[in-house]
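The structure under discussion appears below in the form of structure tokens.
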Amino acid sequence: MLSDSEATELLSFLRRDMRADVKGQATEYILGLTGNREGCRYLRTKPDFLKALVTLTADPSIAIVKDCYHALVNLSADETLHKPLVKEAAILPTMFHNLLDPEYMFADRVSTILTNLSRHEATCREVFQALQEQEISLAKIVEIFCTEGFNKKASLHYLGPLLSNLTQLPEARQFILDKERCVIQRLLPYTQYEASVTRRGGVVGTLRNCCFDYAHHEWLLSDAVDILPFLLLPLAGPEELSEEENEGLPVDLQYLPEDKTREEDPDIRKMLIETLLLLTATKKGRQIMKEKNVYPIMREFHKWEKDLQVISACEKLVQVLIGDEPEPGMENLMEVNIPEGVEQKFKDLDAKEQEEIEKEKQELLKEEAEKHPNTVPEVLER
């Protein structure tokens with residue numbers, strides 16, 4: 001790493017009034033440092049360099065701005081840099097200001113940085129608070145996200161994961177679930193947004209987080225929101241169901257065409273199933289989902305699915321859908337107090353299940369290698 005004198009000299013080159021070629025070489029060097037963990041950790045101890053990078057995102061040279069953003073994306077991917085970037089480099093006001101500009105060409109980098117910084121709860125809260133302080137509000141982020149072509153120079157797909165991260169917080173979920181704002185209804189169509197897996201996954205993650213607030217389940221499943229078809233349709237395939245099964249389904253899931261395809265991303269499929277499982281936590285939720293014939297969709301999905309972790313999630317949901325109702329006093333599965341010994345038993349079972357899944361994956365890889373000895377088998381884990 002740099003000596004103190006070298007660091008001081010390099011920092012002197014990272015000024016707005018410095019010659020462009022000198023600045024360019026300095027930002028290029030910093031970008032190189034952020035390409036590995038050791039370099040990132042070194043810069044963690046140099047808040048002045050972080051501040052300089054944020055300042056130079058407003059440089060007249062596009063090449064320099066690009067290098068700065070690339071470096072900040074790398075730095076924000078390292079959790080240990082979150083506090084220095086937010087507290088010492090004061091990155092958030094600049095990022096939010098630039099995000100609001102519909103002509104800003106680096107808005108995708110901005111949304112990626114904000115997503116990285118909001119991944120963990122501590123700095124997620126800082127990001128949420130900065131939203132309020134900048135008088136931007138979560139409402140504005142949702143509006144930008146839902147306005148197709150808000151920025152002609154950026155896709156803004158990473159605002160989806162940003163919303164998902166923010167809904168770790170009860171305050172953000174409260175806003176999304178406000179019955180007067182109709183926010184969640186605006187987000188639902190993006191569960192089938194074909195142009196971006198990032199945007200789709202972000203919205204599904206947001207819905208899953210919101211479903212941890214079981215007090216809203218009945219409203220979410222009611223006609224006022226009608227969340228169920230938006231969660232089930234990506235999981236439904238072209239299989240032919242019986243007349244009786246079709247008639248019990250929500251209208252959007254009845255008699256699907258022969259070319260109907262399922263969600264291609266296994267992580268999103270797993271999140272969709274986890275969201276459905278959360279909606280079965282209450283007696284009313286289970287009742288509605290049974291009445292809406294969720295089981296036949298999941299039965300056919302289970303036959304089709306190949307990813308072992310998604311299959312495991314599907315089986316847990318099916319067990320709830322076809323199982324007996326819990327005993328009186330245990331109807332709300334989120335309020336049941338599990339004895340410590342039993343909870344540890346569940347954890348052990350989960351660990352054993354994950355071990356078996358991993359074992360099956362390795363066996364599949366071995367079989368694939370034996371079938372095709374001259375090729376490298378595709379890794380099943382994402």
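What's the center-to-center distance, using Cα atoms, between segment 163-235 and segment 262-306 in Å?
That distance is 15 Å.
Once the Cα gyration tensor of segment 105-170 is found, what semi-axes does its equivalent ellipsoid get, as square roots of 5 times the eigenvalues, in whole Å, sorted largest first?
In descending order the semi-axes read 19, 13, 10 Å.
Cα centroid distance between segment 14-31 and segment 49-69, in Å?
Using only Cα atoms to place each centre, the spacing works out to 9 Å.
Give me the Kirkwood hydrodynamic radius of segment 1-92 in Å, from all C-alpha pairs, to one decimal place?
Evaluated over segment 1-92, this radius sits at 12.8 Å.
Relative contact order for segment 62-128: what percent, with Cα pairs under 8 Å and sequence separation of 6 or more?
Relative contact order comes out at 37 percent.
Between ASP226 and ASN36, how many nm apart are label points set 7 Å from Cα along the C-beta direction?
5.7
Mind giving me the FRET efficiency for GLN174 and HIS120? R0 is 22 Å, r the Cβ-Cβ distance, nearest 0.05 is fine.
Step by step, r from the Cβ atoms, then E = 0.60.
What translational D, rounded to a whole number of µm²/s, comes out for segment 187-319 from Stokes-Einstein when the hydrodynamic radius is the Kirkwood one over Cα pairs, at 10 °C and 1.306 mPa s?
107
Over all distinct Cα pairs, what is the inverse of the mean 1/r for segment 130-268, reported as the Kirkwood hydrodynamic radius in Å?
One over the average 1/r among Cα pairs gives 16.3 Å for segment 130-268.
Find the Rg to Rh ratio for segment 149-196, where Rh is the Kirkwood radius over alpha-carbon pairs and Rg uses the same atoms.
1.00
Around GLU126, what is the net charge, scoring Lys/Arg as +1 and Asp/Glu as -1 over all other residues with Cβ under 14 Å from its Cβ?
-1
Please give the FRET efficiency for GLN129 paired with TRP304, using the beta carbon to beta carbon distance and R0 = 51 Å, rounded to the nearest 0.05.
0.70
Once amide H atoms are placed 1.01 Å from N in the peptide plane, what residues at a sequence separation of 5 or more from ASP265, or on another chain, have their amide H within under 5 Å of its amide H?
Those lying under 5 Å, H to H, from ASP265: there are none.
Just so you know, all these numbers are worked out from the coordinates, no wet-lab data involved. Note that the structure is a prediction, hence the values are computed from the model and not measured. Reconstructed Cβ throughout: ideal geometry from the backbone, glycine too, with neighbour counts over all protein chains shown.
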